[in-house]
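First up is the structure itself, then whatever we jot down about it.
The values are calculated or read from the model by the stated rules, or taken from the named source; none is laboratory data. Just so you know, these numbers come straight off a predicted model, no measurement behind them. Glycine also receives a Cβ, built like all others from the backbone with ideal geometry; neighbour counts cover every protein chain displayed. We work out accessible area using only protein heavy atoms, side chains counted, and drop any ligands, DNA or RNA first. Shrake-Rupley method; radii C 1.70, N 1.55, O 1.52, S 1.80 Å.
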Amino acid sequence: MALDLAGAESKRLRERALSVIPGAVNSNIRLSAPPVFFGRASGATLWDVDGRDYIDYVLGQGPHFLGHACERVNAAVAEACAQGMLFGASQALEVEAAELVLQALGWAERLRLGLTGTECVQAALRLSRAVTGRRKFVRFDGHYHGWLDNVLISPDERARQASDGQVGEYLNDSFILDWNDADALAELLREHGDSICAVIMEPVMVNTGGIEPRPGYLRRVRELCDQYGVVLIFDEVITGFRVARGGAVERYGVVPDLAIYGKAIGGGWPVAAVAGRADLMDEFGSGRVNHSGTFNGSVMAAAAVVATQRLLAENSPYDRVADYGNALMKGLAAVAADHGVALNVHGLPAAFHVSLGPQMPVPDLRTLNELDLAGYAALTDRFVAQGLWVMRRGIWFVSAAHGDAELDRTLDRFGAALGGASS
Ligand code: PMP
């Protein structure tokens, strides 16, 4: 029997929401979330409108790397916005935000702020088309690059459009390959290299399974892109400022031409960015390539980025987050073993993946699909019922606000949920 996860107040709100908000959610990704309404969050904890608390491993789908309601970032945003929010012209904090992010990244020379990962992906693709004069791009099965027509594919069937009303023809602009297979890319480029403007990828495939690049894979992709004059785009919307301050570029030492950042870049505030080589990015500045947005580089967004970047620079949380994530990954596997449950836990400590199945390396989508992902998804209601807010698709995000107390409580609650599952 399905667990009833919503308290009385959540139920009342959902009833009202259903008659004014389609599906009671403002983003389709949340259609599959439990019907719980939240009222408050702080650090690593969420409270729903019925007063129940949850240790949060969703973190707003990733942005809250510093924890919820980070006082320093929020105070900086409030203070800056009290002086005005949007001038329809330039302001000082935009400059500081770009300087600080570029310093943190080390490799990129220019940065444009936007609001969402989705639109910054489109800016990078348009720029790639403009500078190469080619139309098609390469992307990979299981990678997510936003909800627009040319990138939204069904998770179940390669290259199939994922939404009614989507202009499916735009999917013909991309070749879709298996990721972590450099030979497949080499073969494709040999045949179609002169019609391809870009290769875009999540440098760690977090959206489907938390899979790391094979040793040498990113380097080989870089070489192939150079060989065929193709722009290499890393979509670091999840990995940026999360797997390391400089994201996957810092972790693996391979430099793209363009990269997209979002989520953790601004401490939970709505802001994203595209960054990259000056000779490419300056085409936005020349006016030849259009990238626009009323809210781009708002005081709110720029202040959030500045405060977040200062905080990350002054008090690096990356070792702490890695320690917590590693302890949690080990702990979840041990608790599951105690309950006779085979649990596969793999990935990077700041963003790992959990499913049912034997512990084994997961280097690609095919191996991931051998695990019991549906069985795990069905269990997540039990975790939520015990006060662990987790995604059904098995990704667990860790923040700088998770500490020893959260670790102990998480493992207790996880054990209680599995106990319930086997009884
Ligand atoms: N790229 C990646 C890798 C993402 O994970 C996401 C969002 N989950 C996006 C792009 C789209 O970002 P947004 O939701 O901010 O539009």
Between 0 and 90°, nearest 10: helix 404-422 axis offset from the chain longest Cα axis = 70
Helical contribution to [θ] at 222 nm, DSSP H n ≥ 4, -39,500 (n - 2.57), averaged over the chain, rounded to 500 = -12000 deg cm²/dmol
Highest-first arrangement of 344-356, 184-196, 231-243, where packing means the average Cβ count within 10 Å = 231-243, 344-356, 184-196
The chain: proportion of alpha-carbon pairs further apart than 38 angstrom, % | 20
Computed over the chain: longest principal axis from alpha-carbon atoms vs helix 71-81 long axis, angle to nearest 10 degrees, is 50
One would report the antiparallel percent of DSSP beta bridges in the chain, rounded to the nearest 5, as 65
Could you work out the Rg to Rh ratio of the stretch 213-303, with Rh taken as the Kirkwood radius (inverse of the mean 1/r over all Cα pairs)?
-> 1.01
So what's the angle, to the nearest 10 degrees on a 0 to 90 scale, between helix 318-338 and the longest Cα principal axis of the chain?
-> 40
Among 361-367, 306-312, how do they line up from the highest to the lowest mean number of other beta-carbon atoms within 10 Å?
-> 306-312, 361-367
So, with a 1.4 angstrom probe, what is the percent of accessible area on the chain that is carbon and sulfur?
-> 50
Normalised per residue, the volume inside the convex hull of the alpha-carbon atoms of the stretch 281-423 in Å³ amounts to 179
Enter the Cα centre distance for the pair the stretch 1-79 and the stretch 350-423, rounded to the nearest angstrom.
-> 19
Counting only protein heavy atoms and rolling a 1.4 Å probe, one gets per residue an accessible area for the stretch 214-344 in Å² of 37
Quickly rank 65-78, 215-228 as a protection proxy: mean count of other C-beta atoms within 10 Å, highest first.
-> 65-78, 215-228
Could you give log10 I(q)/I(0) at q = 0.12 Å⁻¹ for the stretch 99-245, computed by the Debye formula over C-alpha point scatterers of equal weight, without solvent?
-> -0.49
Stokes-Einstein, Kirkwood over Cα pairs, the stretch 137-219, 20 °C, 1.002 mPa s; D in µm²/s equals 160
Residue farthest toward the positive end of the dipole of the chain, with Cβ of Lys/Arg at +1 and Asp/Glu at -1: which of GLN359, ASN326, PRO35?
-> PRO35
